[in-house]
Amino acid sequence: MEHLVDHMRTSYHSLHEPTCALCNKHCRSFDSLREHLIGPLPKQECKKLFKILGCKFCLSILESPHALRLHQHRCRFSGVNYGTMSRPANKSTTVVDNGFSSHVVALACQMVDGGGNNGSMDVCARVCMVDEYENIIFHVYVKPPIPVPNYRYENSGIGGEHLRDGMPLKQVQRRIEEFLCNGEAMWKIRSPKAGKARILVGHHLHPLLQSLHLEYPSFMIRDTAAYPPLMKTNKLSNSLKYLTQTYLGYDIQAGVQDPYEDCVATMRLYLRMRNQVHQREDYPQASDPRNRNDFAPSRQSELERMSPEAMLAISRSDYYCWCLDSM
């Protein structure tokens, strides 16, 4: 029990973690849960049942093979039609809907080579934003502030003719800030549940925002590359291509990459995580001051007399679970 208390003190197990529906094993990520169920060294009892009743996308367990077939038909997404409809119609077209009501937006950019010693300095050449219903709210080519030595045409599909009449970067910044802040001053943004500002969804958003010279409060950002349940077992980021294929059931980024396709993928991943049903807790994060003494050393003797279930009930997560956005 002494060792169990020490483990619970540092593991931050909670009701928000991915959990095996068969044996109740708590995992730090869905990749870890996937390894437990169907990996190289799975738990055999769970593997046998999961093979019959388990959804390979969301890893949930259904009541019967028939229920599984119906569930997987709904759980698996189809690829988006990202051809001409997702590309600005001409060199400088902006697609904007000022009346959209979504509280969440996804952002993606297409980069080109802006130089640097080894050609690794990225410059944003195309920006796309969608709402949670996958409608395009902003889509524009960006006029680069510095010369572009390599447009990476094979991957970007962008040439000099697209950017020559593109929107200047400062104007793009201003428009994105308008969409995100939604009429609220940046310094007034305090919480995703208070005010009018919108939650920003994306993949590897930090370098993306850097390329746009934008800042946004971290508590308003939902990054699929940094969300612990979507990370690898070694706590490194998964690629968006892998996440989309594994959790949504379709392929992206085959050939020319499209920011609209990336926006839709990150939004679908976010909504899948947000729509998970977890038991409600008072003060659900370990960082909350009211949870500070739950596993204090002064309570060691009391904790050792608790059952594992009782300890789990007072344990809190060390990350913000996206299901809390829906509460």
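The values are calculated or read from the model by the stated rules, or taken from the named source; none is laboratory data. Predicted, not measured: the structure shown is a model, and the values here were computed from it. All Cβ positions, glycine included, derive from the backbone under ideal geometry; neighbour counts span all protein chains shown. Please note that ligands, DNA and RNA were not included when accessible areas were found on the heavy atoms of the full protein model with its side chains. Shrake-Rupley method; radii C 1.70, N 1.55, O 1.52, S 1.80 Å.
At-a-glance table
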| read-out | value |
| --- | --- |
| Subset of segment 230-258 that is among the β-branched types (Val, Ile, Thr) and modelled with pLDDT under 95 - its residue that is least open to solvent (accessible area, probe 1.4 Å) | 252 |
| Unmet criterion (only one of (1) among the hydroxyl-bearing types (Ser, Thr, Tyr); (2) modelled with pLDDT under 80; (3) within 27 Å of residue 191 (Cβ to Cβ)) for residue 102 | (2) |
| Criterion: under 16 Å from residue 310 (Cα atoms) and either crowded, with 16+ Cβ neighbours inside 10 Å or of a type in the set (D, E, K, R) (or both) - qualifying residue of 31, 6 | 6 |
| Single condition residue 78 does not satisfy, out of (1) out of contact with any strand residue (DSSP E or B) (no Cβ under 8 Å at 6 or more places or on another chain); (2) part of a helix (DSSP H, G or I) | (2) |
| Single match in 191, 218 (criterion: farther than 23 Å from residue 256 by Cβ, hydroxyl-bearing (Ser, Thr, Tyr) and open to solvent by 50 Å² or more (accessible area, probe 1.4 Å)) | 218 |
| Helices (runs of 4 or more DSSP H) enclosed by segment 142-194 - at least 2 residues per element that are at positive phi | none |
| Within segment 26-44, tally of residues that are in a helix (DSSP H, G or I), out of contact with any Cys (no Cβ under 7 Å at 6 or more places or on another chain) and not basic (Lys, Arg) | 6 |
| Hits in segment 277-309 - residues which are open to solvent by less than 60 Å² (accessible area, probe 1.4 Å), more than 18 Å from residue 10 (Cβ to Cβ) and without any contact (Cβ under 8 Å) to a residue 60 or more places away in the chain | 307 |
| Test: residue in segment 259-266 that is of a type outside the set (Phe, Trp, Tyr), touching a residue at least 24 places away in the same chain (Cβ under 8 Å) and surrounded by fewer than 20 Cβ atoms within 10 Å (Cβ to Cβ) | no |
| Close pairs (6 angstrom Cβ cut-off, 6 or more residues apart or separate chains): part of a helix (DSSP H, G or I) in segment 1-15, hydrophobic (A, V, I, L, M, F, W, C) anywhere | 5/303; 8/311; 9/295 |
| Per-region count, segment 224-260, residues in contact with a Gly (Cβ under 9 Å, 6 or more places away or on another chain), farther than 21 Å from residue 123 by Cβ and charged (D, E, K, R) | 1 |
| Number of positions in segment 139-166 that are at pLDDT 85 or above and buried (at least 20 other Cβ atoms within 10 Å of the Cβ) | 5 |
| Residues of segment 171-188 satisfying the condition of being modelled with pLDDT under 90 and crowded, with 19+ Cβ neighbours inside 10 Å | none |
